[in-house]
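A quick write-up on the structure given underneath.
Here, each number is a calculation from the coordinates, and none is a lab measurement. Predicted model, so just to flag it, every value in this text is computed and none were measured. When we count neighbours, we look across all protein chains shown, and the Cβ atoms used for this are built from the backbone with ideal geometry, even at glycine.
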Amino acid sequence: LSVGLTTAGFVAIVTIAGAILCAAVPVFRIRRATMSINLRDGARGDTAGKTRQRLRATIAALQIAVALVLSAGSALLLRSVHRLYQERPGFDATSVMTIWTQLPFARFDDSAAVAFYGRLTESVGKVPGIRAAGLTTRLPLGSGETREQAFRVDGDGRTLSLPVNVVDDGYFATMRIPLIAGRVFQRPGLQRDGDVIISQRAAATIWNDP
């Protein structure tokens, strides 16, 4: 979570303009007031003076109420941001640099694309200062369209559509995603070894869904 320069500049301009406007209006009214107006106000009697005092007290109470609502909302927002920072999303993106690439489909089929990205991550991993390099079609908590794939459950013939993400063998080390059980998969070669990666939530959805 971060505040961009555009947002910060807009808030600063609105704050400064509001402060100048709130300060200019009373000053302008005071300068226009004359002694004769003050004398007429005093000669109107106690009824007009009490009415004006009640009006001013009501306006002041409304201003205080609005200020309290804004303060409470700001405090709740800050607490929410603090709790978000305390949450562990399952990965650590500290000091991680991301680069978006796209290959022309006319020149790269699936096998050529896999070979290209394999050479790319191998070359990047040899750069001084790089600890790990990985590939993914979608960043965690990122925007964009989510890819889905249909899964057919053997036995009952059900078909479920679940979101999927394609990553390579260096993705988990790069994003510091801990291995809970089992082992990480190896880089795919010309022959498939039958490894299958599936999340616990996806497995529960497939085999426990009625």
Efficiency of FRET between THR58 and HIS82 - r from beta-carbon atoms, R0 45 angstrom, step 0.05: 0.80
Sequence ranges 98-109, 168-179, 116-127, ranked by mean other-Cβ count within 10 angstrom, highest first: 168-179, 116-127, 98-109
Bins of 5 Å from zero: percent of alpha-carbon pairs in segment 43-141: 2, 9, 10, 10, 9, 8, 7, 6, 6, 6, 5, 5, 4, 4, 4, 3, 3, 2, 1
Chain lengthening between SER95 and THR7 when straightened (0.36 nm per residue, less Cα-Cα): 29.2 nm
As computed over segment 65-206, the Cα convex hull volume per residue (Å³): 216 Å³
